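A short worksheet on the structure shown next.
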Amino acid sequence: MPGNLELCHPFCARNIVHTWPGRNARDEIQYLSGIIYQRHFSAWFDGVGYDLEIRQRDDDIASVSWRISATDDRSCALQITVYPQLLQDVPLVFRWFPHALRLRPMLRAYLESVTKGFEWYVTRGEPVPQEHFGKHRWFSARQ
C-alpha cells in the first residue's frame with residue numbers, strides 16, 4: 001500500500017508517495033539519519049513483488065527486488081535482494097574486500113531489521129517502533 005514504509009520500516013522517518021501503484025511508481029524514503037532516497041519502480045508483479053531503482057539525486061545507489069512467496073496456507077516469506085552500485089566502477093579484485101568485510105554485513109543487518117519490521121506489522125497490526133531491532137550506522141537517528 002502507498003506509504004507502507006512508515007508502518008513497517010524501523011529506520012523510516014517519512015515515506016512520501018509521488019505516483020502509486022504499478023510500474024513507474026515513485027516514492028521517497030527519508031531515513032531517521034536524514035538521508036533521503038528516491039525509489040523508482042521498474043517492474044510490478046501484483047501479489048508477488050516489484051523491482052526498483054534507488055537513487056539519491058542523480059546517483060544510482062542500488063537495484064532492489066522485493067518478493068513475497070507463500071510458505072504454506074497461512075504464512076509467507078519476504079525476500080529483499082539488493083544489488084549495490086557503490087563499488088561497480090572499482091575493479092573486482094579491489095572491490096571484493098570492502099564488499100565482503102563492510103558492505104555485505106551492513107546490508108544484511110539492515111535487511112534483517114526491515115524484514116522483522118514487516119513481520120511485526122503483519123502479525124501485530126501496529127506500526128513498528130523506530131529502531132526497534134537495533135540501531136544502524138547508516139540509517140539510524142544521529143546522536
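Just check the chain against the gyration tensor rule for me: Cα atoms, a ≥ b ≥ c as the square roots of the eigenvalues, rounded for a/c under 1.5, and otherwise prolate or oblate depending on whether a/b exceeds b/c.
Rounded, since a/c falls under 1.5.
Show me 88-95, 3-10, 47-54 ranked by packing, highest mean number of other Cβ atoms within 10 Å first.
In descending order of packing, they fall as 3-10, 47-54, 88-95.
Within segment 26-80, which trypsin sites (Lys or Arg not before Pro) sit in a loop by DSSP and count at most 13 neighbouring Cβ atoms inside 10 Å?
Filter output for segment 26-80: Arg57, Arg74.
Rule-based calculations on the coordinates, nothing more; no lab input. Bear in mind the structure is a predicted one, so any value in this text is a computation, not a measurement. Cβ coordinates were reconstructed from backbone atoms using ideal geometry, including for glycine residues, and neighbour counts include every protein chain displayed.
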